[in-house]
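Chemist: For reference, the structure I am asking about is given below.
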Amino acid sequence: MLYADLLIRNAIEILTCTGVAPLTGASQRSAGAIRHASIAALEGRIVAVGPAATLDQNITLTPDSRVVDASTCSVVPGFVDGHTHAVFAGDRRDELRRRLAGATYAEIAAGGGGIVSTVTATRAASEDDLVQQSLARLEEMLSAGTTTCEIKSGYGLTVDSEMKMLRAARRLQTLQPMDLVVTFMGAHEIPPEHRSSRDDYVKLVIDDMIPAAAAEGIAEWCDVFCETGVFTPDESERILRAGAAHGLKPRIHADELGASGGSQVAARVGARSADHLIFVPQDGIEAMAGGGVTATLLPNAAFYLKLGRFASARALIDAGVPVALATDVNPGGGFSPSMPFAVSLACFAMNLTFEEALVAATINGAWSLDRAGDVGSLDAGKLMDAVLVRGDAVNLIRNGAPSIAAVIKRGQIVRGEETLGTCR
């Protein structure tokens, strides 16, 4: 007999997204659907999931237990958003208007906009300011079903400002329900004061920023923007290897605006994830497949940046590369906090099935952050992080419709308490 303090019973279907992570190739097509199913948890962890007809009879409820009738709902794992820049100050929606009027990303950046604009605002903000502004963004993400997310630094570009961002991210962990994974990204851009001495800035990142970030134990990962005009493949590799020497695991922005060599760097340094990949070449795909690198794709950003194309998700999956999805929440191009929107774009702009996209938004996202042992699928022993969807799970792609009935984090109903029972 199993004990539970939370029982979600008789769902239309539970999509467990179970499997040996990461799910690749044909295995990414299976979301582990169980029809007419229940799921039980105790003290924030799943104890059982399976057909309601048998599972409900084998559960003993604790005196303080909660039972949710999910007969008009489906259940999917809480979303894992593996790439965000959710900590920043300032507002760049004026750039959105310029982009809608025809300006390109490069033109906006050349005029003093882009990342540099946010750097100016973030440097001027206090740590308290960063925390308060970022809380609102995390609230939006949670309401859209995200229960675990990554947050990068990278809008400070000085030792003190980067550390301020990292400390703000650490404080945010204690102020809201989502689990946060922190990445140091001092190599996000060459700041204006170093444009004529880029080697000095690379040295600053390697010799000062990385040791400072590692010393405080806030960041787990090191990221770099490998792109023409930003960091070269050689510089990117040096920075990521320096991070690894200080215990910061590598991941990389790669091939976003052109074939930058970032996908090959990812394979050489053993990065867990290469992100964006809108222009990833065939030899980059092959290198990633051979190196076990996850492709974290950011269709929301490609959409809002009006890049005119999306990453080749189909080619990546067919080559055996595990594909994950993320929102790229940021002030200049990641305007949607919604993982369901990323799932929708993956289906309709990148030709994935709903099941492939859901796996990308859950277990493969968890793998990309080295969290697959705890989150990303609805398996016994993992955290009870789940999203209740009104009706069939595919309703998640009905953007603008209130498809999410509730969000559960560590066995607690953190959003939708007032709507449970109205899962239709």
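Chemist: All other residues with a Cβ under 12 Å from the Cβ of F279 taken together, and with Lys, Arg as +1 and Asp, Glu as -1, what is their net charge?
Modeler: -2
Chemist: Let me ask something else. Looking only at the range 237-264, which residues have a backbone nitrogen under 18 Å from a spot 7 Å from the Cα of A215 in the C-beta direction?
Modeler: The answer is 242-248, whose backbone nitrogens lie closer than 18 Å to the label point.
Chemist: From the Cα trace of the range 225-323, what convex hull volume per residue do you get, rounded to a whole Å³?
Modeler: Dividing the Cα hull volume of the range 225-323 by its residue count gives 85 Å³.
Chemist: Can you order the peptides 80-90, 333-343 by their average number of other Cβ atoms within 10 Å per residue, highest first?
Modeler: 80-90, 333-343
Chemist: Gap in Å between the Cα centre of the range 326-396 and the Cα centre of the range 218-269?
Modeler: When both Cα centres are located, 24 Å separates them.
Chemist: Calculate how many DSSP beta bridges within the chain are antiparallel, expressed in % of all such bridges and rounded to the nearest 5.
Modeler: Antiparallel bridges: around 45 percent, rounded to the nearest 5.
Chemist: Report which label in [x] 4, 16, 18, 16, 13, 10, 9, 7, 5, 2, 0; [y] 5, 23, 32, 24, 11, 3, 0, 0; [z] 4, 20, 28, 23, 15, 7, 2, 0 holds the value of P(r) over Cα pairs in 10 Å bins from 0, in percent derived from the coordinates of this structure.
Modeler: After the calculation, the listed value that fits is [y].
Chemist: Further question on the same structure: With just the Cα atoms defining each centre, how far is the range 289-325 from the range 96-135? Give it in Å.
Modeler: So the separation of the two Cα centres works out to 25 Å.
Chemist: How far apart, in nm, are the 7 Å Cα→Cβ label points at D200 and F348?
Modeler: Distance between the two pseudo-spin positions: 5.0 nm.
Chemist: Can you tell me the relative contact order of the range 171-307? Whole percent, Cα pairs under 8 Å, sequence separation 6 or more.
Modeler: 18
Chemist: Cα gyration tensor of the range 184-225, axes a ≥ b ≥ c as square roots of the eigenvalues: rounded (a/c below 1.5), prolate (a/b > b/c) or oblate?
Modeler: prolate
Chemist: Which lysines, on any chain, are close to K409 with Cα under 20 Å apart, when same-chain ones fewer than 8 places away are left out?
Modeler: K382
Chemist: To continue, here is another question. Cα gyration tensor of the range 70-222, axes a ≥ b ≥ c as square roots of the eigenvalues: rounded (a/c below 1.5), prolate (a/b > b/c) or oblate?
Modeler: Since a/c reaches 1.5 but b/c is at least a/b, the shape of the range 70-222 is classed as oblate.
Chemist: Moving on to the next point. On average, how much accessible surface per residue is there in the range 53-114, in Å², for a 1.4 Å probe, leaving out ligands, DNA and RNA?
Modeler: On the way: 2820 Å² over 62 residues.
Normalised by residue count, the accessible surface of the range 53-114 is 46 Å².
Chemist: Related question: Calculate, in nm to one decimal, what S71 and D94 gain on full extension: separation in residues at 0.36 nm each, minus their alpha carbon distance.
Modeler: Full-extension gain reported as 3.7 nm.
Chemist: For the range 1-112, what class follows from the C-alpha gyration tensor (a ≥ b ≥ c being the square roots of its eigenvalues): rounded when a/c is under 1.5, otherwise prolate if a/b is larger than b/c, else oblate?
Modeler: Prolate.
Chemist: What distance in nm separates the two pseudo spin-label positions at D160 and D207, each 7 Å out from Cα along the beta-carbon direction?
Modeler: Result: 2.0 nm between the two label points.
Chemist: Is any residue of the range 248-263 close enough, with backbone N under 14 Å, to a label point placed 7 angstrom from the Cα of D283 along the Cα-Cβ axis, and if so, which?
Modeler: From the range 248-263, the list is 259-263.
Chemist: Could you please state how large a percent of the accessible area of the chain is carbon and sulfur, counting protein chains only and using a 1.4 Å probe?
Modeler: Carbon and sulfur atoms account for 52 percent of the accessible area of the chain.
Chemist: Using the Cα centre as the reference, give the magnitude of the dipole from point charges on the C-beta atoms of the chain (Lys, Arg: +1; Asp, Glu: -1; all else neutral), rounded to the nearest 20 debye.
Modeler: With Lys and Arg at +1 and Asp and Glu at -1, about 660 debye.
Chemist: While we're on this one: Considering only protein heavy atoms, what per residue accessible area in square angstrom results for the range 148-199 with a 1.4 angstrom probe?
Modeler: So the range 148-199 comes to 32 Å² accessible per residue, rounded to a whole number.
Chemist: Less than 26 Å apart at the alpha-carbon level, and either on another chain or at least 8 residues along: which lysines does that give for K203?
Modeler: Correct list for K203: K152, K164, K249.
Chemist: On average, how much accessible surface per residue is there in the range 296-424, in Å², for a 1.4 Å probe, leaving out ligands, DNA and RNA? Could you put the intermediate results ahead of the total?
Modeler: Working: 4060 Å² over 129 residues.
That works out to 31 Å² for each residue.
Chemist: Can you pull out the GluC sites (Glu not before Pro) in the range 235-278 that DSSP calls coil and that have at most 14 other Cβ atoms within 10 Å?
Modeler: Those that pass, being in a loop and sparsely packed, number zero.
Chemist: Enumerate by residue number the trypsin sites (Lys or Arg not before Pro) in the range 138-231 meeting two conditions: DSSP loop (anything except H, G, I, E, B), and at most 13 other Cβ atoms within 10 Å of the site's Cβ.
Modeler: Here the trypsin sites (Lys or Arg not before Pro) that fit, given the DSSP loop and packing criteria, are R195.
The values are calculated or read from the model by the stated rules, or taken from the named source; none is laboratory data. Being a predicted model, the structure only gives us computed values, none of them experimental. Glycine gets a Cβ as well: all are built from the backbone with ideal geometry, and neighbour counts include every protein chain shown. The area values use the complete protein model at the heavy-atom level, side chains included, leaving out ligands, DNA and RNA. Shrake-Rupley method; radii C 1.70, N 1.55, O 1.52, S 1.80 Å.
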